[in-house]
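Trainee: Got a structure for you, written out below as structure tokens; questions coming shortly.
The values are calculated or read from the model by the stated rules, or taken from the named source; none is laboratory data. Remember, predicted model here, so these are calculated numbers, not experimental data. All Cβ positions, glycine included, derive from the backbone under ideal geometry; neighbour counts span all protein chains shown.
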Amino acid sequence: MFIVKLIPSSVLSRQARKPSGLIGRYLMTKIFNAGNADLNSFVKETLNVQRNDRVLEIGFGPGKLINEMAALTTEGFVEGIDFSREMVKEASKENSQFITEGRVKLHSGDCRNLPFDDSSFDKLCSINTLYFWKESEEYFLEMFRVVKPGGMVVIGFRDKEQMSRLDLDQNVFNNYTKDDVIRLLSSAGFSGSEILHKEGKPFLSYCAVGYKA
Ligand SMILES: C[S@@+](CC[C@H](N)C(=O)[O-])C[C@H]1O[C@@H](n2cnc3c(N)ncnc32)[C@H](O)[C@@H]1O
């Protein structure tokens, strides 16, 4: 996308963290949908969503994965939380049918404090979000709290080595090695944590998976 090259990396990085205004709503939607499709699809495959699952996505962006998961949870429910008003608007449009039918609920808010009871979800996912969390341990503890015993979490991410090849503002992005992500999952209480990988564009896709015993 030619126009992306015209935008300073500091602006693009801030927009990636929290899309805002017209750039956020329209350009970042295009960038996320084009650049993250393979990673999102790998997360969906890894979650193996069942029809009666209750699923939460943190930082859903334009909401395409919410839509795909809701098509599978015919007897379950999908919720999402994102702190960008523009992304909540875009994802609400994308999922309007499911929202009307009461099968999807989208929340506007910071996932540092999740507005859900303990043990609410069978499955939880978050993709390309942990780079923006400064005290990431607290976010992982919140994820652990809302997952049901027997449930799972899947974190889709690019690792430190991949991220270092991109022109991004390091004041906005915190990058993690695969071992860092395993440590975050384990410290929060998840067990059986492992990293899966799959070919994808523009990089190999990584999913960190953990289970709540
Ligand atoms: C880089 S985008 C990724 C969007 C989508 N998951 C994807 O892979 O295409 C990051 C998203 O996470 C959201 N986000 C980042 N930090 C957040 C936080 N602390 N609470 C809620 N949403 C957050 C942003 O608003 C944005 O929509």
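Trainee: Give the residues of the range 136-159 that are of a type in the set (D, E, K, R) and closer than 14 Å to Arg183 by Cβ, sorted by residue number.
Mentor: Passing the criteria: Glu137, Asp159.
Trainee: Okay, next question. What is the residue count in the range 164-197 for residues that are modelled with pLDDT of 95 or more and either of a type in the set (A, V, I, L, M) or outside any loop (DSSP other than H, G, I, E, B) (or both)?
Mentor: Final tally of qualifying residues: 19.
Trainee: Is one or more of the residues making up the range 121-140 at pLDDT 95 or above, assigned to a helix (DSSP H, G or I) and acidic (Asp, Glu)?
Mentor: Yes: one or more hits.
Trainee: Give the range 9-32 a look and list any residue that's loosely packed, with under 15 Cβ neighbours inside 10 Å and closer than 17 Å to Glu90 by Cα, or say none.
Mentor: Once the filter is applied, which keeps residues that are loosely packed, with under 15 Cβ neighbours inside 10 Å and closer than 17 Å to Glu90 by Cα, the range 9-32 yields Gly21, Leu22, Tyr26, Lys30.
Trainee: Could you check Glu79 against (1) among the acidic types (Asp, Glu); (2) part of a helix (DSSP H, G or I); (3) crowded, with 20+ Cβ neighbours inside 10 Å and say which number it fails?
Mentor: (2)
Trainee: State whether the residues of the range 169-178 include one that is of a type in the set (Asp, Glu) and either free of Cβ contacts under 8 Å to residues at least 40 places away in the same chain or crowded, with 18+ Cβ neighbours inside 10 Å (or both).
Mentor: Scanning the range 169-178 turns up no residue that is of a type in the set (Asp, Glu) and either free of Cβ contacts under 8 Å to residues at least 40 places away in the same chain or crowded, with 18+ Cβ neighbours inside 10 Å (or both).
Trainee: So, one more: Specify which of the listed residues (Leu27, Leu39) is within 11 Å of the ligand (Cβ to nearest atom), out of contact with any Cys (no Cβ under 7 Å at 6 or more places or on another chain) and in a helix (DSSP H, G or I).
Mentor: Leu39
Trainee: Counting just the residues of the range 82-108 that are of a type in the set (A, V, I, L, M, F, W, C) and either free of Cβ contacts under 8 Å to residues at least 40 places away in the same chain or not in a loop (DSSP other than H, G, I, E, B) (or both), which one comes out nearest to the ligand (Cβ to nearest atom)?
Mentor: This residue is Met87.
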